[in-house]
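Structure first, then comments.
None of the figures in this text is laboratory data; all of them are computed from the coordinates on show. Owing to the predicted nature of the structure, the values given are computational and were not obtained by experimental measurement. Reconstructed Cβ throughout: ideal geometry from the backbone, glycine too, with neighbour counts over all protein chains shown.
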Amino acid sequence: MKKLHITGGIPLNGELSVHGAKNSSLPILAAAASVHGKTILHNCPQLSDVDAACEILSSLGCRIIRTATTVEVDTEGMDSYHVPEHLMREMRSSIVFLGPIAARMGKAQISFPGGCELGPRPIDLHLAGLRQLGLNIQEEHGILDCELRQDKFVGTHISLSFPSVGATENIIIAAATAEGDTIISNAAQEPEIIDLANFLNACGAKVYGAGKSCIVVHGVDRLHGTEFTVMPDRIVAATYLCGAAITGGEITVTDIQSEQLNSLFPLFKKMGCQLKEEHDKVWIKGPQRLRSCGTVRTMPYPGFPTDAQAPWMAISCVADGTSVFVENIFESRYKHAGELMRMGANIRIEGRVAIVEGVKTLYGANVEATDLRGGIALVLAGLSAQGETTVSNLCHIDRGYEQIEKSLSLLGAKIYRE
Ligand code: EPZ
């Protein structure tokens, strides 16, 4: 198994363009299954999760053509409503294929999605919403056998008990070609929801209010193909900014939508970073030594993003002072803490709370990625640590970061994969 080898202590320097958003491209690829004709997606990141989504579409009979960051999906030949279990298990977000497959085929047969390192990943909100829209779902031995009660979904009012990103996406896609109107209350407001709505509207859908807590979808007869550019990845942008912060470096991240990072800028400044924010790029200069930013509570958007919690914990490990994290979104998203402690971090976990006592320096060690964002936190720690760090289980990191060692090398890091 390959590992990343990182020699720490080198400040990052330079400019980096941020690739397309994993968490936007995945629901949009799923939605493409409900479109009649050809979808051309630009700025699609080259990630293993995107590979998995393309494999699911191929298994349904869609024709996929990929060149670098462009993915073309032609659904004319779509002839199946069954997703093989091994593909469903590849990633958590495969559940978002349920709505589009049922909308297109009237039926769907899928297994529960892959378990995830972040604690139990229930799908009750997805299933309840789709049932309310008229999908009969039989659950047996981990297989979901689904069939529309009528020939289309039927619009209704759905009130989510939690603003689940995936459930909001599943419901919007199903509602797009439903009979009548659907209202989604307490919908997720993440930027990726807006990107999905923009994609669907480009296909002829009528989705209003995306990005707000109440979304209205007027069902249309069918969706036609379109050409669309995926938004930039806000979490990847945040990660590289953290890289400059933890190494006392100075970088500019470009091709982003900086307002999506508004929850982080005040915290970077509180930790002693200098920032210059423009609409599509951000310049950051890290201090000689970071200061703690106090308490970080992860919240649904526009609050502090849970996906930035692990990277943020990494930079807090070497900040002067005590930092407190409260992980409000996932049940168990601190698996990276144990690996950070191998590098000399001082972290105490109490349930959903993590207390980090900043240390002057971390030390290189052999550590293992536990999940996507936990893995990148170890890379950030390695960039700052004294000596060499190796990070294994790179499959986690490759799910969400394009050629991480290449991008960091471009910024001056001493890092290679072997
Ligand atoms: C999306 O996951 C993202 N993944 C996650 O990013 C992100 O952390 C999460 O949203 C929150 O922002 C993709 O977009 C592919 P949720 P999702 O449904 O849709 C509970 C990354 O690192 N819940 O908003 O799975 C759930 O257990 C990944 O890129 C239910 O209880 O997130 C969790 O505690 C990690 N029942 C909370 O809601 C349900 O039916 C948030 O989940 C669905 C969710």
Subject >> In order through the range 15-32: 3J(HN,Hα) via Karplus (6.51 cos²θ - 1.76 cosθ + 1.60), integer Hz, x for Gly, Pro >> reply: 10, 9, 8, 8, 6, x, 6, 4, 7, 10, 5, 5, x, 5, 4, 5, 4, 4
Original post:
Based on the Kirkwood radius over alpha-carbon pairs, what is the Stokes-Einstein translational diffusion coefficient of the chain at 25 °C with 0.890 mPa s viscosity, in µm²/s?
Top reply: 113
Subject >> Overall form of the range 348-414 per C-alpha gyration tensor (a/c, 1.5; a/b vs b/c) >> reply: oblate
**OP:** Would you mind calculating the relative contact order of the range 22-229 from Cα pairs under 8 angstrom and at least 6 residues apart, reporting the percent as a whole number?
**Re:** 21
**OP:** Sort 134-145, 162-173 for me by packing, meaning the mean count of neighbouring Cβ atoms within 10 Å per residue, highest on top.
**Re:** 162-173, 134-145
**OP:** Select from I376, I349, I158 the residue whose mean-square fluctuation is largest in a Gaussian network model of the chain (Cα-Cα springs shorter than 10 Å).
**Re:** I349
Original post:
Going out from 0 in 10 Å bins, what whole percent of all Cα-Cα distances in the range 22-126 drops into each bin?
Top reply: 16, 51, 29, 4
Subject >> Net +/- balance of residues flanking P113 in space, Cβ distance below 9 Å, scoring K and R +1, D and E -1 >> reply: +2
Original post:
Cβ under 14 Å from P27's Cβ, P27 left aside: what net charge do those residues give with Lys, Arg +1 and Asp, Glu -1?
Top reply: -4
Subject >> Cut-off under 5 Å, modelled amide H: who pairs with Q386 long-range >> reply: L362, Y363, G364
Subject >> Cα shape, the range 11-56, gyration tensor, a/c 1.5 rule >> reply: prolate
Original post:
So what is the relative contact order for the chain, in percent, with contacts set as C-alpha pairs under 8 Å and at least six apart?
Top reply: 20
**OP:** Using Cα centres only, tell me the gap between the range 77-122 and the range 1-45 in whole Å.
**Re:** 21
Subject >> Considering only the range 22-229, percent of DSSP beta bridges that pair antiparallel, nearest 5 >> reply: 70
**OP:** Considering only DSSP beta bridges where both residues belong to the chain, give the percentage that are antiparallel (nearest 5).
**Re:** 70
**OP:** For the chain, set up a Gaussian network in which alpha carbons nearer than 10 Å are linked by springs, and say which option among A310, A377, A68 fluctuates the most.
**Re:** A68
Subject >> Residue-count net charge about L275 - beta-carbon cut-off 9 Å; Lys, Arg +1, Asp, Glu -1 >> reply: +2
Original post:
Between D280 and C395, 0.36 nm times their residue separation minus their Cα-Cα distance comes to what?
Top reply: 38.4 nm
Subject >> Distance histogram for the range 312-401 (every C-alpha pair counted, 10 angstrom bins, percent rounded to whole numbers) >> reply: 19, 53, 27, 1
Original post:
For the peptides 25-31, 323-329, what is the packing order when you average, over each peptide's residues, the other Cβ atoms within 10 Å and list the highest mean first?
Top reply: 25-31, 323-329
**OP:** May I ask you to work out the translational diffusion coefficient for the range 22-229 at 37 °C, viscosity 0.692 mPa s, via Stokes-Einstein with Rh from the Kirkwood sum over Cα pairs, reported in whole µm²/s?
**Re:** 200
Subject >> Simple spin-label estimate for M299 and K2 in nanometres, 7 Å along Cα-Cβ >> reply: 4.0
Subject >> Global geometry of the range 186-329, whether rounded, prolate or oblate, following the gyration tensor of its Cα atoms and the 1.5 cut on a/c >> reply: prolate
